[in-house]
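*Asks:* Take a look at this one; I'll ask things after.
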Amino acid sequence: MGANFGIAGLDWQQRVNWDRLRKYRTERARERMKAHGLGAMLCMYDENVRYITGTLTPGWNRLKPGLRYALLCGDDPPVLFEQGDLGFQIERHSPWIPKENVRWSYAWIKGAAGAASRQQVTKFTEAIVKEMKKSGVHGHKLGVDFIDINMIEIFKVAGLEWVDGMTPMMEARAVKNVDEQECLRMVGAIGDAAHWETMKFLRPGVTENQVTAHFMKFLYSIPGMEDVEDVIVSSGPNTWPNWRNFSDRIIQPGDIVFMDLAALTWNGYKSCYYRTYCVGKEPSQEQKDIYATALGWLYDSINAVKAGTTTREIASKWPSAKDAWGYAEEDQAAANLWGHGLGLAQYDPPVISRIWSLDHPIEIKPGMVFALETQHGKLFRWGVRIEEMLIVHEDKIEIISNFPVKQITVVDPMPGYGDHVQ
């Protein structure tokens, strides 16, 4: 199943209901906040700020927790502390936030140290206490998703009892409503188009960074595209181990190449979507066999996904790092056989790995959206990597990445050149 409708908003067809989406997210955060016995939640990571406020800030502002932040207190609407005078634009763009609830932030992270940071954190803390008193939750526990040494000291002076606020926020973000699911179908459809474009653009002689640049341009031409954190293009010896990057390496005839849409961001929602290609020649039988092994690992884990099971059952379908590659422990294979939630962050729950999921399982719930990815290869020669994105429903699993995956995608093969040895 693909995206149901188009990208633009229309008056005659119900597509993503953005108002319903925003209200769902804010109230789900509030519900998890109360479930954890918190009077308020302070969110400094941008995925959490956006989740509870439905507001967008510039890319440089998203990367530094504390340049802007949001506070959710009791039953009141969220309060947004935006960087500098950007709040005037928030008032214009995002009228669902009460105008009186848009403030300027008191930032220090990445900008002040020593006495300057203590000055800023004091103002920061005083503003939080003021809002908690206004909402009648002063004296209750404050959940925080980020902490630094200055906050610890000055929160203590102010008598603020702070506790883990990231856990309730991650619990909230883990389950997507119908509108979020449709956003992620759209992300999948954009990924399908990008991989089709890969198939048409790849050829011997282009470099990895030229391929990356081509797809950056392609993706940013799509309405609703906010950000593309990474387009990972790796070829030949760069594919194993997968260094998850790109270079100026020239792609040569017969090279294995894989491309990952690592967090293309459409209206806040992110992708992770690998496919593997062979350029100019048919892959060798050994390459086909290695790919078939990785594909088996992937679909064994996908077939283990259902509502009510746990991440242990999924991760147990993968071989150990020692059995697969002779590694000393699972942490050496981090992200090789992997699963992670998709949403406003690229790592929403659940995050699935043999490193922790066997001992600390998480229940799979309807509404979860996540990616599963596997890889395999020969050291410094070539490797393959594949990934699928899926939505969990009560009675089924919906795959939202639709570019063909059953075999390595061959680009412009020359007849009779399939049995080269590498």
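The values are calculated or read from the model by the stated rules, or taken from the named source; none is laboratory data. The shown structure was predicted, so the numbers you read here are calculated from the model rather than taken from an experiment. Because the Cβ atoms are built from the backbone with ideal geometry, glycine has one as well, and the counts that use them run over all protein chains shown. Calculation scope for accessible area: heavy atoms of the full protein, side chains included, ligands and nucleic acids excluded. Shrake-Rupley method; radii C 1.70, N 1.55, O 1.52, S 1.80 Å.
*Asks:* Inside region 152-179, can you point out the residues that are open to solvent by less than 10 Å² (accessible area, probe 1.4 Å) and part of a helix (DSSP H, G or I)? It would help to see each step written out before you state the result.
*Replies:* Initial filter on region 152-179 (open to solvent by less than 10 Å² (accessible area, probe 1.4 Å)): 155, 165, 168-169, 172-174, 176, 179.
Within region 152-179, Phe155, Pro168, Met169, Ala172, Arg173, Ala174, Asp179 qualify.
*Asks:* Separate question: Could you please tell me which pairs satisfy a Cβ distance under 6 Å, a separation of 6+ or placement on different chains, a first residue in region 348-377 that is more than 26 Å from Tyr291 (Cα to Cα), and a second residue that is buried (at least 22 other Cβ atoms within 10 Å of the Cβ) and not aliphatic (A, V, I, L, M)?
*Replies:* Asp348/Arg173; Asp348/Gly341; Pro349/Gly341; Pro361/Thr311; Ile362/Thr311; Ile362/Pro350; Gly367/Lys176
*Asks:* Could I ask something else about it? Given the options Met225, Met199, name the one that is in contact with a strand residue (DSSP E or B) (Cβ under 9 Å, 6 or more places away or on another chain) and either closer than 17 Å to Phe258 by Cβ or of a type in the set (Ser, Thr, Tyr) (or both). Show your work before the answer.
*Replies:* Details: Met225 fails: either closer than 17 Å to Phe258 by Cβ or of a type in the set (Ser, Thr, Tyr) (or both).
Residue meeting the stated conditions: Met199.
*Asks:* Restricting to region 5-36, what's the tally of residues that are exposed (fewer than 14 other Cβ atoms within 10 Å of the Cβ) and either among the aliphatic types (A, V, I, L, M) or not in a helix (DSSP H, G or I) (or both)?
*Replies:* Of the residues in that region, 9 qualify.
*Asks:* Residue by residue through region 305-330, note down the ones that are in a helix (DSSP H, G or I) and open to solvent by 30 Å² or more (accessible area, probe 1.4 Å).
*Replies:* Initially, region 305-330 is screened for residues in a helix (DSSP H, G or I), giving 311-315, 321-325, 330.
Of everything in region 305-330, those that are in a helix (DSSP H, G or I) and open to solvent by 30 Å² or more (accessible area, probe 1.4 Å) turn out to be Arg312, Glu313, Lys322, Asp323, Trp325, Glu330.
*Asks:* If you don't mind, there's one more thing I want to ask. Across region 282-304, what is the total count of residues that are surrounded by fewer than 23 Cβ atoms within 10 Å (Cβ to Cβ) and in a loop (DSSP other than H, G, I, E, B)?
*Replies:* 3
*Asks:* Listed residues Tyr291, Tyr274; which is touching a residue at least 40 places away in the same chain (Cβ under 8 Å), within 24 Å of Arg185 (Cα to Cα) and of a type in the set (Phe, Trp, Tyr)? First the steps, then the outcome.
*Replies:* Working: Tyr291 fails: within 24 Å of Arg185 (Cα to Cα).
After applying the criteria, what remains is Tyr274.
*Asks:* Hey, another quick one. Of everything in region 366-396, what is in contact with a helix residue (DSSP H, G or I) (Cβ under 7 Å, 6 or more places away or on another chain) and open to solvent by 10 Å² or more (accessible area, probe 1.4 Å)? Give them in sequence order.
*Replies:* Within region 366-396, His376, Gly377, Phe380, Arg381 qualify.
*Asks:* Scan Ala324, Ala335 and give me the residue that is out of contact with any Leu (no Cβ under 9 Å at 6 or more places or on another chain) and hydrophobic (A, V, I, L, M, F, W, C).
*Replies:* Exactly one of Ala324, Ala335 is out of contact with any Leu (no Cβ under 9 Å at 6 or more places or on another chain) and hydrophobic (A, V, I, L, M, F, W, C), namely Ala335.
*Asks:* Name the one entry in Glu313, Glu373, Glu329 that is under 23 Å from Cys183 (Cα atoms) and modelled with pLDDT of 95 or more. Give the steps one after another, and end with the answer.
*Replies:* Working: Glu313 fails: under 23 Å from Cys183 (Cα atoms); Glu329 fails: under 23 Å from Cys183 (Cα atoms).
Step by step, each of Glu313, Glu373, Glu329 is checked, and only Glu373 is under 23 Å from Cys183 (Cα atoms) and modelled with pLDDT of 95 or more.
*Asks:* Next question. Mind checking which residues of region 180-205 are under 21 Å from Glu282 (Cα atoms) and open to solvent by less than 10 Å² (accessible area, probe 1.4 Å)? Please lay out each step first, then the result.
*Replies:* To start, the set of residues in region 180-205 that are under 21 Å from Glu282 (Cα atoms) comprises 195-205.
Residues satisfying the conditions are His195, Thr198, Leu202.
*Asks:* Go through region 224-243 and give me each residue that's open to solvent by 30 Å² or more (accessible area, probe 1.4 Å) and free of Cβ contacts under 8 Å to residues at least 60 places away in the same chain.
*Replies:* In the first step, residues of region 224-243 are kept if they are open to solvent by 30 Å² or more (accessible area, probe 1.4 Å); the result is 224, 226-227, 229-230, 237-238, 241, 243.
If the condition is that a residue be open to solvent by 30 Å² or more (accessible area, probe 1.4 Å) and free of Cβ contacts under 8 Å to residues at least 60 places away in the same chain, then Asp230, Asn238, Trp243 are the ones that fit.
*Asks:* Look at Val211 and say whether it is in a helix (DSSP H, G or I), more than 21 Å from the chain's Cα centre (by Cα) and either aliphatic (A, V, I, L, M) or closer than 19 Å to Arg381 by Cα (or both). Lay out the reasoning, then the answer.
*Replies:* Working: in a helix (DSSP H, G or I): yes; more than 21 Å from the chain's Cα centre (by Cα): yes; either aliphatic (A, V, I, L, M) or closer than 19 Å to Arg381 by Cα (or both): yes.
Answer is yes for this residue.
*Asks:* Scan region 176-209 for residues that are closer than 14 Å to Asn267 by Cα, in contact with a Ser or Thr (Cβ under 9 Å, 6 or more places away or on another chain) and not hydrophobic (A, V, I, L, M, F, W, C) and jot them down.
*Replies:* Selection gives Gly188 alone.
*Asks:* Determine whether region 249-259 contains at least one residue that is part of a helix (DSSP H, G or I) and surrounded by fewer than 23 Cβ atoms within 10 Å (Cβ to Cβ).
*Replies:* Taking region 249-259 as the starting set, the residues that turn out to be part of a helix (DSSP H, G or I) are none.
No - not one qualifying residue is present in region 249-259.
*Asks:* Just to be sure, is Ala345 open to solvent by less than 50 Å² (accessible area, probe 1.4 Å), closer than 29 Å to Pro65 by Cα and either of a type outside the set (S, T, N, Q) or part of a strand (DSSP E or B) (or both)? Show your work before the answer.
*Replies:* Working: open to solvent by less than 50 Å² (accessible area, probe 1.4 Å): yes; closer than 29 Å to Pro65 by Cα: yes; either of a type outside the set (S, T, N, Q) or part of a strand (DSSP E or B) (or both): yes.
Spelling it out, Ala345 is indeed open to solvent by less than 50 Å² (accessible area, probe 1.4 Å), closer than 29 Å to Pro65 by Cα and either of a type outside the set (S, T, N, Q) or part of a strand (DSSP E or B) (or both).
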